[in-house]
Amino acid sequence: MKKEGDNGYGIVGLVLGILSIPLSLSPIFGAIFGIVGLFFSLKQKKVKANSLSKSGIILSIIGIILSIVFFVLALYIIKNRPELLAQATQVAGG
């Protein structure tokens, strides 16, 4: 049972927000972690607003924005710069 001052949602939101930033290099995972982290941080803010909820919200939003930026960048490279995609594939050993 959750107590009034429990920080569980805030901790989960903060951790997911932190993880969403490096995972944004893979836009799908970064966006998923960011959205779920934002959900938990907003839930913590409803229970008891504290620095955990505020930090989780900020980091989750940063992760979501970075995921969108990297997704758009990947689409641009695939569409307009196929030689960069070929070089990256070659360097990766594929």
- Query: GLY30 is checked against (1) small (Gly, Ala, Ser); (2) surrounded by fewer than 21 Cβ atoms within 10 Å (Cβ to Cβ); (3) in a helix (DSSP H, G or I) and fails just one. What number does that condition carry?
  - Reply: (2)
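Could you tell me whether segment 75-85 includes any residue that is within 19 Å of the chain's Cα centre (by Cα), of a type outside the set (Phe, Trp, Tyr) and in a helix (DSSP H, G or I)?
yes
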- When you look at SER24, is it farther than 21 Å from LEU75 by Cα and either surrounded by 18 or more Cβ atoms within 10 Å (Cβ to Cβ) or out of contact with any Phe, Trp or Tyr (no Cβ under 7 Å at 6 or more places or on another chain) (or both), yes or no? no
- Task: Might you check whether a residue that is of a type in the set (Phe, Trp, Tyr) and in contact (Cβ under 8 Å) with a residue 40 or more places away in the chain occurs anywhere in segment 61-71?
- Result: yes
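Tell me the residue from SER53, SER60 that is closer than 16 Å to ILE11 by Cβ and modelled with pLDDT under 95, please.
Working: SER60 fails: modelled with pLDDT under 95.
Sole residue among the options that is closer than 16 Å to ILE11 by Cβ and modelled with pLDDT under 95: SER53.
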- Message: So GLY93 ticks every box in (1) surrounded by fewer than 16 Cβ atoms within 10 Å (Cβ to Cβ); (2) in contact (Cβ under 8 Å) with a residue 12 or more places away in the chain but one. Which box is left unticked?
- Response: (2)
- Out of (1) aliphatic (A, V, I, L, M); (2) surrounded by 11 or more Cβ atoms within 10 Å (Cβ to Cβ); (3) farther than 17 Å from GLY30 by Cβ, the one ILE62 does not meet is (3)
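The values are calculated or read from the model by the stated rules, or taken from the named source; none is laboratory data. All of these numbers come straight from a predicted model, not from anything done at the bench. Don't worry about glycine lacking a Cβ; one is built from the backbone with ideal geometry, like all the others, and counts go over all protein chains shown.
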